[in-house]
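Participant: Sharing a structure, written as structure tokens. Questions coming.
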Amino acid sequence: MRQILNSLVQYEGIHSASVVSLDGVLVASSIGQANGPREATLSDHEDQPIQTLAALTSGWLGEVSRSIGRLSWGGPYRCVLRATQRTLVIHAFTGSFLLLVLDPDVDPEETRSLMDDAVQHLMGHIQTGGGHSTDSGMGGPYPQGALPSQPTTNVGIPMPGGSISESAGNS
């Protein structure tokens, strides 16, 4: 995930790139500098403005979604906020959003294809569990639920004569 963000901040005019959950928690962030990208640590006082910006942007995106979300078939997924010193560009996707902080002279439309590609890579990264092994017994990247569940692997749909896999001769 950090590799994707580091590749974004290497473009001229992109100050920082962050992945933020919809409730405002900063997941990962990268800051562009003259000597190359720098990963923002999540507990450093120097990077506190990025965490604050992530929380404020999440609130702003929530308000925009509640205000104008019902005016269209799908909710807004791309928002731009222009200010005198920086421009914020948001691209929302499943449970999170990509936040770019741009220099004021950069046109936000120039970042559209970059953000679309980055979001595709991020979604693929999230769906595969980030490339980490999930042999911890949890059954995927998510922890076990509070209520017991039945395993669904190779069970088949119960039929009067047995499951579908048994009926097809794959027993």
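The values are calculated or read from the model by the stated rules, or taken from the named source; none is laboratory data. Computed from a predicted structure; not experimentally measured. In this analysis, Cβ positions are derived from the backbone assuming ideal geometry, glycine residues included, and neighbour counts consider all displayed protein chains. When the accessible area is computed, the model is the full protein with side chains, heavy atoms only, and any ligands, DNA or RNA have been set aside. Shrake-Rupley method; radii C 1.70, N 1.55, O 1.52, S 1.80 Å.
Participant: Please state which one of D105, D117, D135 is at pLDDT 75 or above and either more than 19 Å from the chain's Cα centre (by Cα) or in a loop (DSSP other than H, G, I, E, B) (or both).
Facilitator: Going through D105, D117, D135 in turn, the sole match is D105.
Participant: Which ones in segment 65-89 are open to solvent by less than 100 Å² (accessible area, probe 1.4 Å) and in contact with a strand residue (DSSP E or B) (Cβ under 6 Å, 6 or more places away or on another chain)?
Facilitator: R78, C79, V80, L81, R86, T87, L88, V89
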